[in-house]
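K.L.:
Here it is: the structure, laid out below.
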Amino acid sequence: PDQVPACFCPNTPSAYIHGEALMDTVAEWVSAGFVAGPFILPPVRNFRVNPLLMIPQKDKIRPVLNVSSPIGSSLNDLTSSSGLERVVMSSARKFGHSVVASGRNSIMTKYDTCNAYKNVPCRLKDLCLQGFMWLGKFFVELAQIFGAKSAVSNFDILGMC
């Protein structure tokens with residue numbers, strides 16, 4: 001989205017309750033190249049600091065960059081749906097027909113969906129929208145953000161390449 005204002009949203013209490021797990025994950029993201037940082041100052045102009053929250057799951061606690069906050073001026077609120085591809089799931093029948101229609105000697109691939117959105121880079125001009133802060137330092141998500149309104153269609157486009 002163009003013309004999204006800078007903002008600073010504090011992290012949720014869950015980020016601090018599960019701070020050790022969050023710290024480990026942020027370090028893993030930086031090491032894997034999914035996130036840039038830490039920076040002492042915001043690394044780009046018009047930087048948005050989105051809140052972090054932690055979601056307990058069966059076998060882990062999952063950090064999430066909440067791009068639906070603050071309500072009314074969040075990244076998701078300010079992203080227009082009009083330019084986004086509408087993604088529709090296929091059915092088993094349609095998939096089967098496409099396999100048969102592909103014919104003999106066709107090649108089928110499978111995409112590993114572990115860290116799926118983190119394998120799709122964001123546009124350079126959108127880096128200012130994908131920030132967060134942890135332990136007084138600034139970080140930037142370098143890829144699509146799980147939960148962002150545009151992430152599903154951007155991920156789907158990758159599969160068509």
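K.L.:
Using a cut-off of 14 Å between beta-carbons, work out the net charge of the residues near S14 (Lys and Arg +1, Asp and Glu -1, S14 not included).
P.N.:
+1
K.L.:
Rolling a 1.4 angstrom probe over the protein chains, ignoring ligands and nucleic acids, what is the accessible area of C7 in square angstrom, nearest 10?
P.N.:
Accessible area of C7: about 30 Å².
K.L.:
Can you give the local net charge around V30? Use residues other than it whose beta-carbon is closer than 14 angstrom to its beta-carbon, Lys and Arg +1, Asp and Glu -1.
P.N.:
Working: positive: K118, K137; negative: D24, E28, E141.
Net charge in that neighbourhood comes out at -1.
The values are calculated or read from the model by the stated rules, or taken from the named source; none is laboratory data. Keep in mind that what you see is a predicted model, and the values were worked out from it rather than measured. All Cβ positions, glycine included, derive from the backbone under ideal geometry; neighbour counts span all protein chains shown. For accessibility, only protein heavy atoms count, side chains too; no ligands or nucleic acids. Shrake-Rupley method; radii C 1.70, N 1.55, O 1.52, S 1.80 Å.
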